[in-house]
Amino acid sequence: RTDTTTGRVDVAFADARLAPGDVPPGLPTLGINGIKIHGGFLYLTTSAQRVFARVRIDEWGRRVGDLEQLAQLPLSPPKVPDDFSVARDGTAYVATHLDTLVKVAPDGRWTPLVVAEGDVKLDSPTSTALTRDEKTLYVVTGGGTGGKGGQVLAVQL
């Protein structure tokens, strides 16, 4: 938690489930990677654990509920969650390495929206931005595997 007026920083809460843990070979050793606040919840991804989760927080960022794992993405082939956007209804759009955009419904059901086998190729998606009307999602990639540099793609929802 950061006080933007004073610059003071402290730990709002800690949970061992948010640490990288034992990471299978080939996966990043990152704990929390993406983080957003929406509707009284702090939403987050943990890359090494391949988890999308949330926890209820108060107006000061203090945890007032249990960590709720909404989705665990598969290990084979690996879907490693990075950053994401959350729609007004709680649906999340998660950039996942190496090449997929995933939609996570509020009940935790996840569906791939853009996959490696499709017409659009995502080269290491890392972040997303949802338009105000929630009809378009912009996806930014790192461009790490294809050697062509990063991308910014518009995905119509």
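The values are calculated or read from the model by the stated rules, or taken from the named source; none is laboratory data. Remember, predicted model here, so these are calculated numbers, not experimental data. Because the Cβ atoms are built from the backbone with ideal geometry, glycine has one as well, and the counts that use them run over all protein chains shown. Ligands, DNA and RNA are excluded from the accessible area calculation, which covers all protein heavy atoms including side chains. Shrake-Rupley method; radii C 1.70, N 1.55, O 1.52, S 1.80 Å.
Here are some notes:
- In region 87-112, the residues that are farther than 21 Å from T131 by Cβ and modelled with pLDDT under 95 form Cβ pairs under 8 Å with partners that are open to solvent by less than 50 Å² (accessible area, probe 1.4 Å) and acidic (D, E), at six or more places apart or across chains, as follows: H97/D82; D99/D123.
- Positions within region 15-37 being open to solvent by less than 50 Å² (accessible area, probe 1.4 Å) and either modelled with pLDDT of 90 or more or of a type in the set (D, E, K, R) (or both), in sequence order: D15, G34
- One residue stands out in region 109-133 among those that are closer than 21 Å to I32 by Cα and touching a Gly at 6+ places or on another chain (Cβ under 7 Å): the one that is most open to solvent (accessible area, probe 1.4 Å), namely T126.
- Residue that is surrounded by the most Cβ atoms within 10 Å (Cβ to Cβ) [pool: residues in region 85-108 that are touching a Lys or Arg at 6+ places or on another chain (Cβ under 7 Å) and within 16 Å of L42 (Cα to Cα)]: Y93
- The condition of being modelled with pLDDT of 85 or more and over 17 Å from T100 (Cβ atoms) holds for only one of T136, T141, T128, that being T136.
- Top-ranked residue in region 38-61 [being farther than 19 Å from V102 by Cβ and assigned to a strand (DSSP E or B); ranked as most open to solvent (accessible area, probe 1.4 Å)]: R56
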